[in-house]
Amino acid sequence: MQIEDGAVAPGRRERKKRETRDALMAAALRLAVEKGPDNVTVEEISEAADVSVRTFFNYFSHKEHAILGRDPDDLALALRRVREAPDGESPLTTMRLIVAHVIDELEHHETPISQRIGLIMQSPTLLTQFVVLGAEDERELAAALAERMGEPTGSPRPALIVGATTMAVKVAMEQRKAGSDRPLGALVDEAFSLIADGLDPAYHQPDTHPSPR
């Protein structure tokens, strides 16, 4: 269907964008499996999908997002989720909800979870991008969390909560890679509960600067 001035109707345009995005994701995943995620370049992905590098960056900010099939708007959605969290919702709960849909997509994606976990565990960069927590993203999320918590930007607690989110997912994925048959979401929930409960309630600040003898 055509509309005024020869433009393509929205439905067809959106289908074309979806096809291009799917082609880029498929090429990125295939090359990552063949060569290892850290050895794949944007140029190779673009060539395999028969598009230009410029087109690639119209769809993905990083090659890791293409490998994971990530939505480029995920960070914006995560920041909005932090800022619009209901009163009374704990910061750690907010972070668990942010990663929930990503974990759900991984578990129900057509690619076997073991294959994707294997890729993610090969690459620390892929892991951090998986949970929407690249270095820049971490800073933005920590700043948004600090604002919501009423703490100054740069406060340690929001940054630690964001960092703990990355570690909780990493530990859960290592458990799956090691052979656990429990759902990834359940393993992540367990890790978050351990963080929330306090990993070492008996901890006391040690004297790390003893007096010289």
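What follows draws every value from the coordinates through simple rules; no lab data is involved. As the structure is a prediction and not an experimental result, all values here were calculated from the model. Neighbour counts are summed over all protein chains in view; Cβ atoms, including those assigned to glycine, are modelled from backbone coordinates with ideal geometry.
Considering every residue within region 177-184, establish whether at least one is surrounded by 15 or more Cβ atoms within 10 Å (Cβ to Cβ) and of a type in the set (Asp, Glu). No, every residue in region 177-184 fails to be surrounded by 15 or more Cβ atoms within 10 Å (Cβ to Cβ) and of a type in the set (Asp, Glu). The set of residues from region 130-150 being among the small types (Gly, Ala, Ser) and surrounded by 16 or more Cβ atoms within 10 Å (Cβ to Cβ) comprises Gly134, Ala142, Ala143, Ala144, Ala146.
Among the helices (runs of 4 or more DSSP H) confined to region 35-129, the ones with at least 3 residues that are surrounded by 15 or more Cβ atoms within 10 Å (Cβ to Cβ), without any contact (Cβ under 8 Å) to a residue 60 or more places away in the chain and of a type in the set (A, V, I, L, M) are located at 42-48. The residues in region 56-80 that are touching a Leu at 6+ places or on another chain (Cβ under 8 Å) and more than 17 Å from Ala100 (Cα to Cα) can be counted, and the count is 6. When residues in region 133-156 are screened for being over 23 Å from Arg116 (Cα atoms) and in contact (Cβ under 8 Å) with a residue 24 or more places away in the chain, 7 of them pass. From Arg148, Arg182, which residue is of a type in the set (Lys, Arg) and either within 14 Å of the chain's Cα centre (by Cα) or part of a helix (DSSP H, G or I) (or both)? The unique qualifying residue is Arg148.
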